[in-house]
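A.B. asks: Below: one structure in structure tokens.
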Amino acid sequence: MLNLLLVGANGHMGQRVQTLAKENFNLFTFDIVGDANFSSFDQINEKIDVVLDFSSPRGTSQVVNFCKSNLVPLVSAVTGHNEDERKELEGLSKYVAVLHSGNFSTGINVINKILKTLTKDLIDYDVEIIESHHNLKKDVPSGTCKMFVNTIKSQRDLKETYRDETSGKREKDEIGIHSIRGGSVVGEHSVLFLGNDEIIEIKHTALSKNVFVPMALKVCEWIVNKEKRLYSLSEYLLDENSL
């Protein structure tokens, strides 16, 4: 079995990963708080085959340095990266295989594929995105929302606008973004295409955080033998060997 290092092991997602990962991996846990195999990368002497990061952006530099120094591929599920942190992931891909995604749900990634077609076919429709999450989520908008925005922008020349009292009249070349934080909402995303006399809405609701774990673990197995570069989740989904 592969040796998997789980970073952010004691977080909400990390705990769920631990439950499932032990079936197919030799699991090593890392976290700076709570009970884990390691709390510092200097402590790690075992040969690690792949790193799965479910921590936070502030740990990105340390994770990247460990993977680079030990030539270990990285699967990152961290959301909220700033531009410098994104560049660190891109830089790491010159040394090892790297895949980053803001959402490892099968349904979300199917919707992301559908959005390409809808955006091209509904060329004159206004586009709005509404995303809702629990009251502890820090990053706004969500990583999934950003993924949807990038997909839509790849098909049409649009710019994102975050709706508030200063937004003013809607421009034709906008993607309007609305973020809601409250309660215990795991994650809900709606993409609306608004035309004259009709609205087309695609919606995904995550009922449990468990929905994000199985694909993340499958990607860890898949990426181990890949060449060094930056991968997208769509490439994993298209790979016949992953089905």
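The values are calculated or read from the model by the stated rules, or taken from the named source; none is laboratory data. Values in this document were obtained by computation on a predicted structure and should not be read as measured data. Glycine gets a Cβ as well: all are built from the backbone with ideal geometry, and neighbour counts include every protein chain shown.
A.B. asks: In the stretch 215-229, what residues are outside any loop (DSSP other than H, G, I, E, B) and in contact with a Leu (Cβ under 7 Å, 6 or more places away or on another chain)?
C.D. replies: Correct list: Ala216, Leu217, Val219, Cys220, Glu221, Ile223.
A.B. asks: Within the group Asn210, Asn241, Asn196, which residue is out of contact with any strand residue (DSSP E or B) (no Cβ under 9 Å at 6 or more places or on another chain), farther than 26 Å from Arg86 by Cβ and at pLDDT 95 or above?
C.D. replies: Exactly one residue qualifies, and that residue is Asn196.
A.B. asks: Go through the stretch 117-142 and count every residue that is charged (D, E, K, R), within 23 Å of Asn196 (Cα to Cα) and surrounded by 14 or more Cβ atoms within 10 Å (Cβ to Cβ).
C.D. replies: 2
A.B. asks: For the stretch 27-37, state whether one or more residues are more than 26 Å from Lys87 (Cα to Cα), part of a strand (DSSP E or B) and not charged (D, E, K, R).
C.D. replies: The answer is yes; a qualifying residue exists.
A.B. asks: Okay, moving on. Take the stretch 1-16 and flag every residue that is assigned to a strand (DSSP E or B), surrounded by 18 or more Cβ atoms within 10 Å (Cβ to Cβ) and free of Cβ contacts under 8 Å to residues at least 60 places away in the same chain.
C.D. replies: Hits for the stretch 1-16 are Leu6, Val7.
A.B. asks: Cβ contacts < 7 Å: first residue more than 17 Å from Pro57 (Cα to Cα) and at pLDDT 95 or above, restricted to the stretch 91-102; second residue of a type in the set (A, V, I, L, M, F, W, C) and in a loop (DSSP other than H, G, I, E, B), any location; separation 6+ or different chain. Result?
C.D. replies: Close Cβ pairs (under 7 Å, with a partner that is of a type in the set (A, V, I, L, M, F, W, C) and in a loop (DSSP other than H, G, I, E, B)) amount to Tyr95/Leu71; Val96/Leu71; Val96/Val72.
A.B. asks: Identify all residues within the stretch 7-57 that are touching a helix residue (DSSP H, G or I) at 6+ places or on another chain (Cβ under 9 Å) and either on the phi > 0 side of the Ramachandran plot or not assigned by TED's automatic domain parsing to the domain that holds Val224 (or both); write none if there are none.
C.D. replies: Gly8
A.B. asks: Tell me which residues, restricted to the stretch 58-79, are surrounded by fewer than 18 Cβ atoms within 10 Å (Cβ to Cβ) and either outside the structural domain of Trp222 (by TED's automatic domain parsing) or not in a helix (DSSP H, G or I) (or both).
C.D. replies: Listed by number, the list holds a single entry, Leu71.
A.B. asks: Considering the stretch 36-57 alone, what residues qualify as being aliphatic (A, V, I, L, M) and surrounded by fewer than 17 Cβ atoms within 10 Å (Cβ to Cβ)?
C.D. replies: Correct list: Ile44 only.
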